[in-house]
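Below is one structure, written out as structure tokens; the observations come after it.
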């Protein structure tokens, strides 16, 4: 037998001279192992590639590349007659990305802390799975693939003295996914004409008490690759929010402060200094 894995732009992998003359055993070689099994009148051969420097760049170092790929098995008899069978398969190692992620309609950044009085906040996301595979224009349209967004998970944990306690886990599949080119709904996910995305919305059901929460949002594609963003949510009462806003409300820069200082006359400076010294100024 002969096995050929068509790797597109990245170099094909070829394994020749796979013997059929073994049963229920494993033959180990430098670049691959061959496993032989029998079941009744049937026999099976499986080939497992090894990660080794004996492979070269010409065969993509023995690795199957991302994209739409094909493996072909050739069988030969003792007088040279042959039979070939082909199978196509899709390889996606790349994680999806959050093209947008919002909390109460405001964009959020990974690792940041946000303060709110809303005890049932809402989260929205656009999860995109980009095309991967061949880069050359001649083969990209045929061999690039995106497995597509599958689901999103939201985990909410409340901070305590020792760390965080898990409060809720919400996970949902995308009911619909869309093409990034044209925004049309995807009806055949085996088609790979552009990047693919899904839209997600989640409203916290059970009211959150005041405190600090860690919110993890994880997006998965159809091959299990995932991306994650984590934010910290500080839920406060209305009075606390107003106090917090007052603390950070003055956005005056140092340069603006200097310009404002220069507007005081020398006489005004002396008057102001006297007020401070007499403890008449109460900040």
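Rule-based calculations on the coordinates, nothing more; no lab input. Computed from a predicted model, the values in this text were never measured in an experiment. Heads up, the Cβs are rebuilt from the backbone with ideal geometry, glycines too, and the neighbour counts pull from every protein chain shown.
Structural remarks
- FRET efficiency for the pair residue 28 and residue 86, taken as 1/(1 + (r/R0)^6) with r the Cβ-Cβ distance and R0 = 22 Å, rounds to 0.20.
- At the listed q of 0.12, 0.17, 0.22 Å⁻¹, the Debye profile of segment 97-241, built from one uniform point per Cα, gives log10 I(q)/I(0) equal to -0.56, -0.92, -1.32.
- Anisotropy class of segment 2-91 from Cα gyration tensor, a/c 1.5 cut: prolate
- Simple spin-label estimate for residue 185 and residue 100 in nanometres, 7 Å along Cα-Cβ: 2.0 nm
- Using C-alpha pairs below 8 Å separated by at least 6 residues, the relative contact order for segment 2-91 is 27 percent.
- Eigenvalues of the alpha-carbon gyration tensor of segment 130-179, scaled by 5 and square-rooted, set the equivalent ellipsoid semi-axes at 40, 14, 5 angstrom, largest first.
- Residue 52/residue 166 FRET efficiency (R0 51 Å; Cβ-Cβ; nearest 0.05): 0.75
- Added length on full extension, which subtracts the Cα-Cα distance from 0.36 nm per residue, residue 117 to residue 39: 21.5 nm
- Contour excess over end-to-end distance, with Cα ends at residue 206 and residue 107 and 0.36 nm allotted per residue: 33.4 nm
- The simple Förster model, with R0 at 51 Å and r as the Cβ-Cβ distance, assigns residue 141 and residue 236 a FRET efficiency of 0.45.
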